[in-house]
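Q: A single structure is presented below for examination.
The values are calculated or read from the model by the stated rules, or taken from the named source; none is laboratory data. Computed from a prediction, not measured in an experiment: that's the story for all the values here. Positions of Cβ are generated from backbone atoms using ideal geometry, with glycine treated the same way; all protein chains shown enter the neighbour counts.
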Amino acid sequence: MHPFTVDIPQHDIDRITRRVRAYDWFEEPVDAGWQYGANGSFMRRLCAYWLDQYDWRRAETSLNRFPQFKAEVKGIPLHFIHEKGSGSNPKALILLHGWPGSYFEFLNCIERLAHPERFGGDAEEGCDVIVPSLVGYGWSGKPPRPIDPRAQAGFMNGLMTNVLGYDTYVAQGGDWGSSITAWLGFDHGTDRGGACGAIHMNMFGLRPGGTFRNIFGVGVAQLDTAEEKAWAREAARRGEGRFGYMVLQSTKPQSLSYAMMDSPVGTAAWITEKMQAWGQRTDGDMPVFSMDQILTNVMIYLTSRTFNTAAWQYWAVRETGHSVLPGGERIMVPAGFADYPGELAPVPPLSYLEKAYARVVYRSAPARGGHFAALEQPELFVNDLQDFLKVAV
């Protein structure tokens, strides 16, 4: 373990700024909202803010406010935050992001989870909080070839056990992090002699085993009840028109990367459109996130030059088929789900989860929040996770 500080050379920041300033804008349909993709008028405002008001150095200070480290796992250096918790025996908790997110999503949750007494809670409920950048993302190392969530889980388990020395830990994740979390529970669960003692997810990522033809299905277990069939219809409705990016990134990610690795504005538009579409909007079409939040997340991809290796994961999961559990298998460590109302797809009914997926001990429906729950609603996210920990650990 070696201490790490985010400190991007000024010439890299200047290069990005020059490319944004030189961007050659183009036309869009006269009725353009967000239905065609990233809205042009919003992107112009975002880029003007980027040039005139956004302060990357201030963002760096925020990113560096918790202890960060790098450590080698299976030959690849992993970047992670490690905030020791209050109390006499804090639980180990790893928080896992996805795409197009980053460890930045969890920054406003870490102190609440590690030191609940600072927010009116009980210090004995404090956790050792570990927040890594996934392999190929942010300031973690880049894999020589695409790796899928099951392989990512192996790296994360190595971090928790071999590097940090935990005998047991709890995993939480959304987006790809939900699939990685599920694989941690399945491959590295305490029921199989591993160290992962419980899992909590705010997305239904990894799917039940069975006949499976692509990565876009809402599930493959038999739908037996009216409630289960209604869930499948709602999942299909919410997903309508939202997964074009997934087709491209799971088939030709490298072709896309030639454009994105060259264009800061292109990368910002690709990511901003997802942050706009996947957040729970309650007032018009504007993103729920501030321009500073959007740009800090985008800048992590740009300054680490990881758009390509992050996108590779989609190709890997399509190639390996590790988007589903082995047929007839279930996750047997205690599992929990938070079903946020603005999520890409609803969490299935308990009957479906229990027969085909996991030993579910906790299921909640927070009042607000979408796909990036920890970034959108940090207080609700932390409260929900703390409630799960009281039940599962």
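Q: Could you figure out which of (1) within 19 Å of Leu389 (Cα to Cα); (2) more than 18 Å from the chain's Cα centre (by Cα); (3) crowded, with 23+ Cβ neighbours inside 10 Å isn't true of Pro348?
A: (1)
Q: Hey, Gly369 hits all of (1) at negative phi; (2) in contact with an Asp or Glu (Cβ under 6 Å, 6 or more places away or on another chain); (3) at pLDDT 95 or above; (4) of a type outside the set (Lys, Arg) but one; which does it fall short on?
A: Of the numbered conditions (1) at negative phi; (2) in contact with an Asp or Glu (Cβ under 6 Å, 6 or more places away or on another chain); (3) at pLDDT 95 or above; (4) of a type outside the set (Lys, Arg), the odd one out for Gly369 is (1).
Q: Cβ-Cβ distance below 9 Å, separation of 6 or more or different chains: which pairs start in the stretch 49-67 with a residue that is in contact (Cβ under 8 Å) with a residue 24 or more places away in the chain and under 24 Å from His2 (Cα atoms) and end on one that is among the acidic types (Asp, Glu) and loosely packed, with under 13 Cβ neighbours inside 10 Å?
A: As it stands, the answer is Glu60/Asp7; Asn64/Asp7, since those pairs meet every condition given.
Q: Turning to a different aspect of this structure: Considering each residue of the stretch 316-361, count those that are of a type outside the set (Gly, Ala, Ser) and within 20 Å of Ser102 (Cβ to Cβ), and give that number. Give the steps one after another, and end with the answer.
A: Filtering the stretch 316-361 for residues of a type outside the set (Gly, Ala, Ser) gives 317-320, 322, 324-326, 329-334, 337, 339-341, 343-344, 346-350, 352-355, 357, 359-361.
Okay, now just the ones that are also within 20 Å of Ser102 (Cβ to Cβ), so 317, 340, 343-344.
Result for the stretch 316-361: 4.
Q: Here's another thing I want to ask about it. Does Lys84 fit the bill of being of a type in the set (Lys, Arg) and at negative phi?
A: When the stated conditions are applied, Lys84 passes them.
Q: I've got another one for you. Mind checking which residues of the stretch 246-305 are of a type in the set (A, V, I, L, M, F, W, C) and not in a helix (DSSP H, G or I)?
A: The answer is Met261, Met286, Val288, Phe289.
Q: So which residues in the stretch 304-319 are touching a helix residue (DSSP H, G or I) at 6+ places or on another chain (Cβ under 7 Å) and either surrounded by fewer than 21 Cβ atoms within 10 Å (Cβ to Cβ) or among the aromatic types (Phe, Trp, Tyr) (or both)?
A: Answer for the stretch 304-319, where residues must be touching a helix residue (DSSP H, G or I) at 6+ places or on another chain (Cβ under 7 Å) and either surrounded by fewer than 21 Cβ atoms within 10 Å (Cβ to Cβ) or among the aromatic types (Phe, Trp, Tyr) (or both): Phe307, Asn308, Trp312, Tyr314, Trp315, Arg318.
Q: Would you be able to tell me the number of residues in the stretch 377-393 that are touching a helix residue (DSSP H, G or I) at 6+ places or on another chain (Cβ under 9 Å) and either over 19 Å from Gln293 (Cβ atoms) or surrounded by fewer than 23 Cβ atoms within 10 Å (Cβ to Cβ) (or both)?
A: Here the count works out to 10.
Q: Every residue in the stretch 131-185 that is hydrophobic (A, V, I, L, M, F, W, C), closer than 28 Å to Val347 by Cα and not in a helix (DSSP H, G or I), please.
A: Listed by number, the residues that qualify are Val131, Leu134, Val135, Ile147, Val170, Ala171.
Q: Among the residues that make up the stretch 170-183, is at least one of them surrounded by fewer than 18 Cβ atoms within 10 Å (Cβ to Cβ) and of a type in the set (Ser, Thr, Tyr)? Working first, answer last.
A: Taking the stretch 170-183 as the starting set, the residues that turn out to be surrounded by fewer than 18 Cβ atoms within 10 Å (Cβ to Cβ) are none.
No: the stretch 170-183 contains no residue that is surrounded by fewer than 18 Cβ atoms within 10 Å (Cβ to Cβ) and of a type in the set (Ser, Thr, Tyr).
Q: Moving on. Taking into account only those residues within the stretch 129-151 that are under 20 Å from Gly165 (Cα atoms) and hydroxyl-bearing (Ser, Thr, Tyr), which is nearest to the chain's Cα centre (by Cα)?
A: Taking the candidates together, the pick is Ser133.
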